[in-house]
Structure formats: structure tokens, C-alpha cells
1. Mind checking which residues of the stretch 117-137 are part of a loop (DSSP other than H, G, I, E, B) and either under 13 Å from residue 65 (Cβ atoms) or in contact with a helix residue (DSSP H, G or I) (Cβ under 7 Å, 6 or more places away or on another chain) (or both)?
2. Name the single residue that is nearest to residue 388 (Cα to Cα) among those in the stretch 462-501 being surrounded by 16 or more Cβ atoms within 10 Å (Cβ to Cβ) and free of Cβ contacts under 8 Å to residues at least 24 places away in the same chain.
3. Among the residues of the stretch 259-301, how many are part of a helix (DSSP H, G or I), in contact with a strand residue (DSSP E or B) (Cβ under 9 Å, 6 or more places away or on another chain) and not β-branched (Val, Ile, Thr)?
4. Can you name the residue in the stretch 596-618 that is in a helix (DSSP H, G or I) and of a type in the set (Ser, Thr, Tyr) and is also nearest to residue 510 (Cα to Cα) among such residues?
5. What do you reckon, is residue 340 part of a strand (DSSP E or B), β-branched (Val, Ile, Thr), surrounded by 13 or more Cβ atoms within 10 Å (Cβ to Cβ) and at pLDDT 95 or above?
6. Would you confirm, using the coordinates I've provided, whether residue 208 is closer than 30 Å to residue 168 by Cα, outside the structural domain of residue 339 (by TED's automatic domain parsing) and not basic (Lys, Arg)?
7. Given the structure, is residue 216 out of contact with any Ser or Thr (no Cβ under 8 Å at 6 or more places or on another chain), under 29 Å from residue 308 (Cα atoms) and in the same structural domain as residue 340 (by TED's automatic domain parsing)?
Amino acid sequence: MRKILNKKAQVTIFIIVAVLIVVAVGIYFLVRGSFDLGISKNLEPVYDYYLSCIEETAQQGASILGVQGGYIYVDEMDFVAGSQYRPFSSQLDFLGQPVPYWMYVSGNNLLKEQVPTETSMEEELSRFVEERIGYCDFSDFENQGYTILLNSEDVKVDVEINDLDIDVSVDSKLSIYFEEDSAIVNSQDVKINSKLGKFFNLALETYNYEKENMFLESYALDIMRLYAPVDGTEISCVPKIFVDEEIKNNLTEAISANVFALKLEGDYYELSDKKNNYFVTDIGTSVDENVNFVYMPDWPTRIDIYGDKVIKPIGLQEGLGILGFCYVQYHLVYDINFPVLIQFYDAGEIFQFPVAVIIEKNNAREALPSTSGVNIESEVCKYNNANVNVFTYDEDLNPVEARIQFKCLNDVCEIGETSLSGGEAVLNSQMPQCVNGFIVANAEGYAEEKYQISTNEENSANIILSKIYSINLDLGNVDKALVNFESEDYLATVLYPDNKEVELIEGYYNVSVYAYKNSSLTIPKVSKRECVEIPEEGILGLLGGETEKCYDIEIPSTKVEMAVVGGGKTQEYLTRGLLEASAELNINVPLFGTPSTLEELQNNYILAESELIYLEFE
């Protein structure tokens, strides 16, 4: 009896093992998409090719998702164009490839987001594979005698993006016939190796950290203060001149170099110097993949600079000789917008997305709590409730398309651009209600024009823009000079001979020239003791008691490398006809001796304020 039981037990074990083998074989064929289909060896090459075609198509779609910031069908997205004044569009052109910004500034100065989700990427990849199943080319097999039928019109694809792979399930009917063999396959499952999911999650963590903490803006502010003049006082007896183009070129080059040096906390790099820790940002995750931060100087960039660009020295004016030295003090304000492309990559894959970095009036934008439509302008600009029609013309009343801003007190709002319609350059738009505000118009080749308006009472503005004329300058024997043309609404400054052209519009000008020459003059060190009366401490101070407090003041010696050696002033009305007909302006400048003392330097400065210069147009 025991032997019979043992035999039964052995038979049971064999049955279990056999069932497990059958299940394992079944799972294998299920994964291959051919479970219980009986595909013969003659038909397997066709089926294997079909699976590889699905895999290659899915790989191609995943690659496009990575290159285009999580989007495949970029051409179907709402494209928001930029302009020369608001350079950002909703997409960054990267080597000819459109990459949608995850965060950008729209033309009406709204900070907007367009961040994909994992679900949206899965949906786009599913659609991509569905639309390209019919591209699988079976012609080589058909030339060998195979008959292959694929119903590409009725295909359903499901995609699941994981950290290190992508599952692709295709529901489609494939029929294969060859000689006496045939097979019909209705579903296929393919798994492709891809870090798309991992890269996307790292990108999302980085974006959210930037969105909330603005680490890119922090670096941008450091770059601004290191590579551009912002605030300062310099010991100098020569005017300080800031040239916009030079500042902008310095900033764009500095941004490019510094952005490229940025890194995320992780193990994908080694720092050559501990000082480079400055460039490392901890987003809360140790990054184990390669990361690049990229900015190119030719990408859409906006750098607006506000403040006086020519600062005259203090200390040379009559009555200030007691100072014993000269100094210039300056303050410039910047609006800086530029894109940064963030890339996660390995040897075979990349995921990249761009964001806009926003500096407004020397400050970073506010943190972004919401998903879109956040106005980064002032509170005044958020309440556009006055309808105004703006028309822009040249001096002959021909329509001119122009950028339109509105200025109310210290707030400047982006309004839009006038465009040609019915023979007029017109913009119908909403503006904030403001008493004695200004509509500001700018157009290429024309001077900026301001139109005063009270938008709570008026609803129309006709703005005439003055054409700019470029004239060559010749100052004769002058080595170096600062030339100013100043009218009520227009200012042109030239540092001669570094620049031998001046841009002018019709108008009445105060023209001044200060001629300079290399100098060996050194202003000696000054030591002073200044005393002032300050309130007494304690109860006596409350009763009005005062005591004398003295301070020692030391001013180091100052070398005057450039000294005023000539100059003068005049007033002229320059007509359009004169500017149009003239190619060159000759200026006769009185010259004085080279100063050897501070008193002589001050005297030359006073002479330059009182002497006459003469203008001759050719």
C-alpha cells in the first residue's frame, strides 16, 4: 500500500513539473506575442521583423520626446511668436529643432508654462507608433513569396514609460502566408531599453526647484554685478561713459561661460578646485546622470539698461576746489531675459528642455506657485481697463509699425505693437487708467517718442516718430573727446575717435565738447580733520546739549590719466533737410594747455563750459 502511495506521489510531482514547464513556455510565447499561434520556423523571420519594426518606431518616438522636451507633435501646439522687443517665442530653436519652453515670457509679458506630463508623453508616443505601423516594409519577404496582410487602419497602441524601459503593447491583426504555412497574430508586446522616464523625472525635479527657488536667476544676478556696471563710485576726473552694446556683449559672453559651468549635486563630475562648488546646486536629489546647462549668445535675449550712460565727474566744477579730488558716481538698472537649455543625457539618449531666466529691475522674478499666466510686471500693469487706439506715423505721416509701452509714474507696461491695417499703423489695446501717463513708441530707425495721455479721459493717440540720421564726425586735431547733442527729448553722446558717427534727429540742440589728452598729473594725498556738533549722551542730549566730535579723513593720491585740454558749447537747430543732405559734421574745438595742477585742470573745465564751438555740415 505504501509503494502504491509513493508511486502516486511521484506521478503527482511529475504532473506539477509538467504544468510548470507548459506555463513557462506559454509565458514566453505570450511575451513574444505569439502564444498558442503555432508560428512555424518559415514564418518566424517575418514576425521577428515586425516586432523589430515596432521596437525601432517606439525608439524613434522616444528619441523625439527627449529632444523636444517631452513633445512629439510640436507643430500642433499653439505657437506664440516673439518680437525684437520681447524675443521669447513659445519654442526655442536648437540647431533647427523646435523645443517648447517649459517656462517662457509671452509677448504681453506673462510668465507661462507648458510642462508635459508622463501621461501626455505616453499618449503622444502611442499615437506615434499607431500612425507608423503601416510604414513597416515587408517587400523583401514578399519578393521571396510571402503573403503578408497588416491592417494598419485598425491599430491600438498602449505605452507605459518606466524609469529604464518602455512597455509597448500593440493590438493589430497581422496575417502571414508562405507555401503551406500560415499564422494570424492579433497582439504584440515589446519592451525597449530607454532612460526616458528617469531623465524626465530628473528634469521635472530640476524645473520645480528652479521654479520655486530661482537658482538660475541667482546666478544671473551674480553675473550682472560681476560683468556689468550697476552701482559704484570711482575716483576720476574724466566722465564715465557706458556703451550699451559693450555692456550687452560682455553680459552675453559671461552668461554663456558661467551657465555652461553650472552643475547639479551628484556623482557625474569631479571638481578640479573647491572654489567650483559655487557652480553646484543641490536640488534635493543626488544626480547620477550627465547634465548640461547651455546658453548661446545668439539665442533670443533681452537686455534693457536704464540710467544715465554719461556721468560727469564731481569736483571739477567751480567752487568745489576744496575737495582736492574728482569722482564719478553711477547707478544702472537692468532687465535681463535669456533662455537656458537643460540637458540630461548618456551615450545614447538625451532629454532636454528650455526655461526663461527673468531679471526685472535688478531683481529676480517672483517664485511661480501656479502653472501659467502669471504677470511679471508691476501691479499697475495688471489692471488694463482703459481702451486706447494708438496710431504711429513718420514725419511725412506715413504709417510706421512700432512697439508700444505705457508708463505710469515709475511703472512701465508692455502693451503690444502697432500693425498695418487699412493704410494705418494702429494698435487697439487696453491700458491702465493713469493721469498724465505716457505712451512710449519705439521703431527701428526712429527715435523713441513719448505721448502724454490721461487714459481715464482720452482714448486715442497719434504719435509721430522722428527718423534718425547717421552723420560722420571730424574734430580736427583733437586726440580724444566727449561730444554731447542734447535736446528736450533726445540725447546722443559720442566718445571720439572710438566712434566717428553720431545719430541725430531734427531738433534744437545744446551741443558740448570736452577734449581730453593723456596726463601725468597726480593729485596728492589729502588728510583732513572734520569736526561736527552731535547731541550729548544721556539726559543732557534730551535737553539739547551738544558736544564736538572730530573725524580724520584721508583721501589717497589720485592719478589723472586723462585731463581736459579743450572744449566748448553751442546751440543749433538741425533741420531734417540739413541732416538728410549732410554726410559729415566738422566741429571746430578751442584747445587749451595741458594742466599740471588741479587748479589748472579746474580752470580748463570752466573754460570748456564757456568757450564757443562751431559746427559745419558737409
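The values are calculated or read from the model by the stated rules, or taken from the named source; none is laboratory data. Nothing here was measured: the structure is a model prediction, and the numbers come from that model. Note that each Cβ is placed from the backbone with ideal geometry, even for glycine, and that neighbours are counted across all protein chains shown.
1. Matches in the stretch 117-137: 117, 136.
2. Residue satisfying both the conditions and the ranking: 487.
3. Narrowing the stretch 259-301 to residues part of a helix (DSSP H, G or I): 259-260, 274-279.
If we keep only those that are in contact with a strand residue (DSSP E or B) (Cβ under 9 Å, 6 or more places away or on another chain) too, we end up with 259-260, 276, 279.
Right, trim to not β-branched (Val, Ile, Thr) and you get 260, 276, 279.
Total satisfying the criteria: 3.
4. Initial filter on the stretch 596-618 (in a helix (DSSP H, G or I)): 598-610.
Cutting the leftovers down to of a type in the set (Ser, Thr, Tyr) gives us 605, 610.
Details: 605: 17, 610: 13 Å.
Out of the qualifying residues, it is 610.
5. Values: part of a strand (DSSP E or B): yes; β-branched (Val, Ile, Thr): yes; surrounded by 13 or more Cβ atoms within 10 Å (Cβ to Cβ): yes; at pLDDT 95 or above: yes.
Yes; evaluated as a whole, the condition is true for this residue.
6. Numbers: closer than 30 Å to residue 168 by Cα: yes; outside the structural domain of residue 339 (by TED's automatic domain parsing): no; not basic (Lys, Arg): yes.
Taking the combined requirement at face value, the residue does not satisfy it.
7. Values: out of contact with any Ser or Thr (no Cβ under 8 Å at 6 or more places or on another chain): yes; under 29 Å from residue 308 (Cα atoms): yes; in the same structural domain as residue 340 (by TED's automatic domain parsing): yes.
Here the answer is yes, as residue 216 does meet what is asked.
To keep it simple, each residue is scored yes or no on (1) within 18 Å of the chain's Cα centre (by Cα); (2) aliphatic (A, V, I, L, M).
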| residue | (1), (2) |
| --- | --- |
| 213 | yes, no |
| 230 | no, yes |
| 237 | no, no |
| 254 | yes, yes |
| 260 | yes, no |
